[in-house]
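The values are calculated or read from the model by the stated rules, or taken from the named source; none is laboratory data. Here the structure is a predicted model, which is why all the values come from computation and not from measurement. Cβ placement follows ideal geometry from the backbone for every residue including glycine, while neighbour counts extend to all protein chains displayed. All accessible areas refer to the heavy atoms of the entire protein, side chains included, with ligands and DNA or RNA removed. Shrake-Rupley method; radii C 1.70, N 1.55, O 1.52, S 1.80 Å.
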Amino acid sequence: MAISVRGVVSPGKGEPVQLTEVLVPEPGPGEALVRVQACGVCHTDLHYKMGGIGDDYPYLLGHEAAGIVEAVGDDVTDVAPGDFVILNWRAVCGQCRACKRGRPWYCFATHNAKQKMTLADGTPLSPALGIGAFAEKTLVAAGQCTKVNPAIAPATAGLLGCGVMAGIGAAINTGGVTRGDTVAVIGCGGVGDAAVLGSRLAGAKTIIAVDIDDRKLEWAREFGATHTINSRNTDAVAGIRELTGGFGADVVVEAIGRPETYKQAFFARDLAGVVVLVGVPTPDMELELPLLEVFGRGGALKSSWYGDCLPSRDFPMLVDLHLEGRLPLEKFVSETIGLGDIEAAFTKMEHGEVLRSVVVF
Ligand code: APR
Ligand code: ZN
Ligand code: ZN
């Protein structure tokens, strides 16, 4: 029998979200029911609300979450009731062409729960990124649950499920940042700051944070930026070159998703350097670059999907580093809020007042 919980639903394009009753089925084969303890408010939730992702309303929002497994389907062996887990939106299939080539972090056929959560009247819900965790309980594929050390605070842990993992992974997994590197990060919101933190963890020598907001640059310093550039007053490319012996950075992470900042990343990179695009553009955006420069500068222009992470490999490792005091992930939690505060959190996010608001249950 389905259980009744409270959840936050986006009913239609641009409409305010609603806190309403959600019916969650008992887990079937391959599924897990999770009691959500914390879930961060991410830009992607706002994109769902504003119609930027699809038209499959109503959406059950929320996807940066951690919680306790409450029940699992008969055949599930990887997780069990009582396990503390971070939810992921990359439950690798092991079968698709990416997985078969040994690159499961690109998995093209990730798993989600098969059964639908619904509104009280039976209307099926589309869970955000296949998760839907602005709800007291949610139904996911068992592979979307990654077991980690339960000593971490749930509000901190949940952020690894999306934005923070995307940023850390953009630097370490996609950019291949390593000791001694020079790195520039353009855009220092939650994702960019996570790229700064990841670069520090990897041993980068110089970490240049670029933003148009001095408050964000202050925060970036706390995460490990060695230099900052306010690109409202200073040319980002010239500034980055100046701080890297005139050459440009070995790795430039673009964490905004706009053509003009991508161009800055492109030109602020040293010869044979790497540009990592982790910011997500919108469909109207186009990029123009001199092709001779694309050739002549060599190196690599890469996109980072979810930080090219492998949840089963990366989440437990990052949680352990945090618990050892080596990764201050708690600094990404700007505030904790209730399920009824999502609209207010969207507003704060749009005004750049927070890195992450996190719903705690
Ligand atoms: N130049 C420099 N910095 C900029 C510019 C610009 N032209 N425009 C915006 N910024 C800065 C903002 O001041 C802010 O600090 O970029 C940062 C963006 O951060 P957030 O809005 O907090 O977004 P975040 O959650 O970090 O996500 C960044 O990654 O995963 C994607 O969808 C996500 O596209 C988004 C991006
Ligand atoms: Zn696969
Ligand atoms: Zn997200």
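Could you tell me whether T182 is more than 16 Å from ligand 2 (Cβ to nearest atom), in contact with a helix residue (DSSP H, G or I) (Cβ under 7 Å, 6 or more places away or on another chain) and β-branched (V, I, T)?
No; evaluated as a whole, the condition is false for this residue.
Between G189, G175, which is under 21 Å from Y48 (Cβ atoms), in contact (Cβ under 8 Å) with a residue 60 or more places away in the chain and within 16 Å of ligand 1 (Cβ to nearest atom)?
Step by step, each of G189, G175 is checked, and only G189 is under 21 Å from Y48 (Cβ atoms), in contact (Cβ under 8 Å) with a residue 60 or more places away in the chain and within 16 Å of ligand 1 (Cβ to nearest atom).
Please determine whether any residue of the range 134-149 is hydroxyl-bearing (S, T, Y), in contact with a helix residue (DSSP H, G or I) (Cβ under 7 Å, 6 or more places away or on another chain) and within 16 Å of ligand 1 (Cβ to nearest atom).
Within the range 134-149 (the criterion being hydroxyl-bearing (S, T, Y), in contact with a helix residue (DSSP H, G or I) (Cβ under 7 Å, 6 or more places away or on another chain) and within 16 Å of ligand 1 (Cβ to nearest atom)), the answer is no, since none of the residues qualifies.
Taking the range 104-125 as the region of interest, how many residues are within 20 Å of the chain's Cα centre (by Cα) and surrounded by 15 or more Cβ atoms within 10 Å (Cβ to Cβ)?
So the count comes out to 7.
Which one of these does V196 not meet: (1) crowded, with 24+ Cβ neighbours inside 10 Å; (2) of a type outside the set (G, A, S); (3) within 10 Å of ligand 1 (Cβ to nearest atom); (4) free of Cβ contacts under 8 Å to residues at least 40 places away in the same chain?
Unmet for V196, out of (1) crowded, with 24+ Cβ neighbours inside 10 Å; (2) of a type outside the set (G, A, S); (3) within 10 Å of ligand 1 (Cβ to nearest atom); (4) free of Cβ contacts under 8 Å to residues at least 40 places away in the same chain: (3).
Which condition breaks for G102 when tested against (1) out of contact with any strand residue (DSSP E or B) (no Cβ under 8 Å at 6 or more places or on another chain); (2) within 16 Å of ligand 1 (Cβ to nearest atom); (3) at positive phi?
Unmet condition: (2).
So, D250, is that one acidic (D, E), more than 18 Å from L201 (Cα to Cα) and open to solvent by 20 Å² or more (accessible area, probe 1.4 Å) or not?
Criteria not met by D250.
Answer with yes or no whether I152 is more than 10 Å from the chain's Cα centre (by Cα), more than 16 Å from ligand 3 (Cβ to nearest atom), open to solvent by 20 Å² or more (accessible area, probe 1.4 Å) and β-branched (V, I, T).
no
Looking only at residues in the range 187-220 that are in a loop (DSSP other than H, G, I, E, B) and charged (D, E, K, R), which one is nearest to ligand 2 (Cβ to nearest atom)?
K205
For A166, indicate whether it is farther than 21 Å from G7 by Cα, touching a Phe, Trp or Tyr at 6+ places or on another chain (Cβ under 7 Å), within 16 Å of ligand 1 (Cβ to nearest atom) and among the aliphatic types (A, V, I, L, M).
Answer is yes for this residue.
Show the residue pairs that are 6+ apart or on different chains and have beta-carbon atoms under 6 Å apart, the first residue being within the range 111-132 and without any contact (Cβ under 8 Å) to a residue 24 or more places away in the chain, the second being outside any loop (DSSP other than H, G, I, E, B).
Every condition considered, the pairs that remain are P124/T118.
Could you say whether any residue in the range 291-303 is within 16 Å of ligand 1 (Cβ to nearest atom) and within 24 Å of F134 (Cβ to Cβ)?
No, that holds for no residue.
Quick one: A202 ticks every box in (1) touching a Lys or Arg at 6+ places or on another chain (Cβ under 8 Å); (2) surrounded by 24 or more Cβ atoms within 10 Å (Cβ to Cβ); (3) under 23 Å from F315 (Cβ atoms) except a single one, so which number is it?
Result: A202 fails condition (2) only.
How many of the residues in the range 162-186 are part of a strand (DSSP E or B) and either at pLDDT below 95 or open to solvent by 10 Å² or more (accessible area, probe 1.4 Å) (or both)?
Total meeting the criteria: 1.
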